[in-house]
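The block underneath contains the structure these notes are about, expressed in structure tokens.
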Amino acid sequence: MSYKSSTIKSKWKKTKWLNEDSYFKPYMPHTLQFSKKNLNSMLADYSTIFFKPTDGSGGSNIIRIRKTNGGYQSQLNTKKTSYAGSSPLYRALNRHAGSRPYLLQKGIQLAKSNGKPFDIRVMVQKTRQGTWVSTALFTKVGNPNKVATNYNQGGTIGTFHKTMSNANFNSAFIQQLESELKRLGVAVGKNFDRHYKGFKELGLDVAVDSKGRPWILEVNTRPQIYPLKNLKDTSLYHQVLSYGKHYGRTK
């Protein structure tokens with residue numbers, strides 16, 4: 001990647017930036033740094049939580065933890081493990097983390113499109129004039145057996161309207177959500193600019209729950225757009241490239 005745009009790896013830092021601003025509160029799933037105390041408090045509050053590396057990318061190393069009748073079940077990729085209580089679960093997660101910092105995040109019950117979970121990528125880019133524009137919305141439709149919807153976790157790329165209508169949302173709602181997500185993308189861009197200089201593009205990962213409520217899962221400062229080439233209609237891919245030309249994005 002040779003183009004010029006600032007990168008922030010720490011998901012925790014980016015989460016804190018957004019949590020400081022009341023505008024984003026309704027969009028932020030409860031997130032804490034991984035510790036025994038925080039794990040116990042999240043397990044008490046939610047039936048599903050996610051355990052993610054603070055600096056991870058591409059959906060790798062994300063573990064989903066669910067409450068079961070007999071205790072807890074963790075899932076990494078397609079591998080499931082059961083634990084009788086929170087102490088053995090904590091020990092296993094701690095081993096998995098090693099010296100890397102991890103986050104705990106409330107699990108969102110993702111809406112399903114044709115039976116498959118999906119989330120939405122909102123691509124936000126800066127114009128030559130320095131204003132933020134939401135230039136593309138697309139979806140990442142997951143493999144139902146995997147934890148993450150990411151393209152490199154076996155997911156597929158879809159168009160926003162089609163994925164949403166296959167999830168049984170009506171067109172008026174889809175239109176309204178599209179406008180809301182585009183506004184959200186611009187607001188995140190402005191928020192990030194207040195904290196750090198040099199951002200030219202951002203990729204918001206947004207989950208939609210079964211009621212259609214959007215949640216910001218994370219903000220990528222190095223968003224990948226190559227999967228867009230696999231859509232039949234490549235106009236979104238070329239649109240992102242044309243906006244990115246002035247800061248050196250070529251692919």
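The values are calculated or read from the model by the stated rules, or taken from the named source; none is laboratory data. If you're wondering where the values come from, they're calculated on a predicted model, not measured in any experiment. We place every Cβ from the backbone using ideal geometry, glycine too, and count neighbours over all the protein chains shown. When the accessible area is computed, the model is the full protein with side chains, heavy atoms only, and any ligands, DNA or RNA have been set aside. Shrake-Rupley method; radii C 1.70, N 1.55, O 1.52, S 1.80 Å.
The fraction of accessible area contributed by carbon and sulfur in the stretch 48-156 is 43 percent, rounded to a whole number (1.4 Å probe; ligands and nucleic acids excluded).
For the stretch 185-251, the residue among TYR243, GLY212, VAL186 whose Cα projects farthest onto the positive side of the dipole built from Cβ charges is TYR243. Averaged per residue, the chain has 48 square angstrom of accessible surface, using a 1.4 angstrom probe with ligands and nucleic acids left out.
Given +1 on the Cβ of Lys and Arg, -1 on the Cβ of Asp and Glu, and no further charges, what dipole in debye does the chain carry about its Cα centre, rounded to the nearest 20? Write out the running numbers ahead of the final one.
Working: 41 positive and 13 negative charges, 122 e Å.
With Lys and Arg at +1 and Asp and Glu at -1, about 580 debye.
Charged neighbours of SER86, selected by a Cβ distance under 14 Å, balance to +4 (K, R count +1; D, E count -1).
D by Stokes-Einstein for the stretch 1-160, Kirkwood Rh over Cα pairs, 25 °C, 0.890 mPa s: 141 µm²/s.
Global size of the stretch 25-68: 11.2, 30 Å for Rg and Dmax (C-alpha atoms, Rg to one decimal, Dmax whole).
Counting only protein heavy atoms, what percent of the accessible surface of the stretch 184-227 is carbon or sulfur at a 1.4 Å probe?
Working: 850 of 1620 Å².
Carbon and sulfur together cover 52 percent of it.
Only DSSP H runs of four or more residues enter the estimate; each adds -39500 (n - 2.57), and after division by the residues of the chain the mean residue ellipticity at 222 nm equals -9000 deg cm²/dmol.
Coupling constants for the stretch 82-89 follow from the phi torsions by the Karplus curve (6.51 cos²θ - 1.76 cosθ + 1.60, θ = phi - 60°), and in residue order they are 9, 10, 6, x, 6, 5, x, 5 Hz; glycine and proline get x. Of the trypsin sites (Lys or Arg not before Pro) found in the stretch 1-108, the ones in coil according to DSSP and having at most 15 other Cβ atoms within 10 Å of their Cβ are LYS4, LYS9.
If only the Cβ of Lys and Arg carry +1 and only the Cβ of Asp and Glu carry -1, the dipole of the stretch 140-211 around its Cα centre is close to 160 debye.
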